[in-house]
Ligand SMILES: NC(=O)c1ccc[n+]([C@@H]2O[C@H](COP(=O)([O-])OP(=O)(O)OC[C@H]3O[C@@H](n4cnc5c(N)ncnc54)[C@H](OP(=O)(O)O)[C@@H]3O)[C@@H](O)[C@H]2O)c1
């Protein structure tokens, strides 16, 4: 089969589009023919060697797969060739962890395509228990745009942020893949959502995702704008995928007793926390990584019901994966970039 392979860590040009051995289905496994595979910012970090240094090369990454069952391994009875499926974007890779709940707290839980081969290929091998039926009726590129960001958004916004109807919520980077998913989930839960963007041309994208207030942070200080919007009180919840560069202003925009949920670091890994403000202002600071299978299914159910819209910016042929990674690095992306094998 054809695959986008890396033989070492490197820049976007490190991919080689080449022939590799097609995987066979072992007991309890499926082979899925990849219809489309979404790219996440995580893939860029993984490709650079910034997440793990112990990948076995050659490696094929890619977490977000929509496709059809091509082969069924022994002892799998619920799936058949031709079934449309979506692969779980993260699961415990050690079967010994399959009883740990929630799954994203299992020791071997990881993003799909990290230490196992992912979906940047014509076929992917996956444990049958970690796929769901694709009953969305959407084209594969739309489905493949959403698994990882929806798993993340449901966990961060609903479970950890405990966003409720009427809450004021600030979501960072509202035109990004994860940002748009979080804006949509917060809005679906009945919240009033403010978000940030770094350019005028991203404002429309963020407001179509459901944000009531879209702040171009190049022109306005977002914390002050959010404080004005909430009559000086601050938001109930901040959902942050940017990290260091906005940390202090995020807490400034958060109300007394509010909850701050972080799951990203595009704007830097380090931040300064004023301990005095932390306890005086009684903030809850929460870290979020991916989500459980149940949270993921809930998000994908909303996609199937049309309550959440897929946010595809562009598709690229799998053979142009280097260009697709460079496009994401350019920061011009609005939503998701998806590869078609
Ligand atoms: N922990 C988890 O479970 C999880 C899940 C999904 C994503 N993430 C993390 O969340 C972050 C965003 O992911 P994503 O896939 O949504 O990314 P993305 O679609 O590539 O968007 C990132 C956006 O962040 C904004 N940004 C702000 N400061 C930036 C900077 N210094 N450099 C680059 N971009 C900057 C940019 O929007 P503007 O131009 O509008 O500022 C950019 O478009 C990443 O750190 C990713 O690893 C974590």
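Assorted remarks:
- Failed criterion for residue 314 (all others in (1) within 15 Å of the ligand (Cβ to nearest atom); (2) surrounded by fewer than 21 Cβ atoms within 10 Å (Cβ to Cβ); (3) not assigned by TED's automatic domain parsing to the domain that holds residue 61 hold): (3)
- Exactly one residue among 335, 264, 299 is within 15 Å of the ligand (Cβ to nearest atom), within 23 Å of residue 237 (Cα to Cα), under 19 Å from the mean Cα position of the chain (by Cα) and in the same structural domain as residue 222 (by TED's automatic domain parsing), and that residue is 264.
- Whether a residue is surrounded by fewer than 20 Cβ atoms within 10 Å (Cβ to Cβ) and either over 23 Å from the mean Cα position of the chain (by Cα) or under 19 Å from residue 333 (Cβ atoms) (or both) was assessed, and residue 219 passes this test.
- Among the criteria (1) part of a helix (DSSP H, G or I); (2) in contact with a strand residue (DSSP E or B) (Cβ under 9 Å, 6 or more places away or on another chain); (3) closer than 24 Å to residue 247 by Cα; (4) within 16 Å of the ligand (Cβ to nearest atom), the one residue 187 does not fulfil is (4).
- Verdict on residue 195 being within 16 Å of the ligand (Cβ to nearest atom), within 19 Å of the chain's Cα centre (by Cα) and surrounded by fewer than 24 Cβ atoms within 10 Å (Cβ to Cβ): no
- Hey, residue 141 surrounded by fewer than 17 Cβ atoms within 10 Å (Cβ to Cβ), assigned by TED's automatic domain parsing to the domain that holds residue 33 and over 18 Å from residue 42 (Cα atoms) or not: no
- Annotation note: of 163, 171, the sole residue that is touching a helix residue (DSSP H, G or I) at 6+ places or on another chain (Cβ under 6 Å), assigned by TED's automatic domain parsing to the domain that holds residue 229 and more than 11 Å from the ligand (Cβ to nearest atom) is 163.
- All positions within the stretch 267-296 that are within 24 Å of residue 130 (Cβ to Cβ) and either surrounded by fewer than 16 Cβ atoms within 10 Å (Cβ to Cβ) or within 13 Å of the ligand (Cβ to nearest atom) (or both): 287, 288, 289, 290, 291, 292, 294, 295, 296
- Residue list for the stretch 202-251, filter: free of Cβ contacts under 8 Å to residues at least 12 places away in the same chain, on the phi < 0 side of the Ramachandran plot and assigned to a loop (DSSP other than H, G, I, E, B): 219, 220
- Segments classed as strands (runs of 3 or more DSSP E), wholly inside the stretch 1-77, with at least 1 members that are within 16 Å of the ligand (Cβ to nearest atom) and under 20 Å from the mean Cα position of the chain (by Cα): 29-39, 64-72
The values are calculated or read from the model by the stated rules, or taken from the named source; none is laboratory data. All values reported here derive from a predicted model rather than from experimental measurement. Cβ: placed from backbone, ideal geometry, glycine included. Neighbour counts: every protein chain shown.
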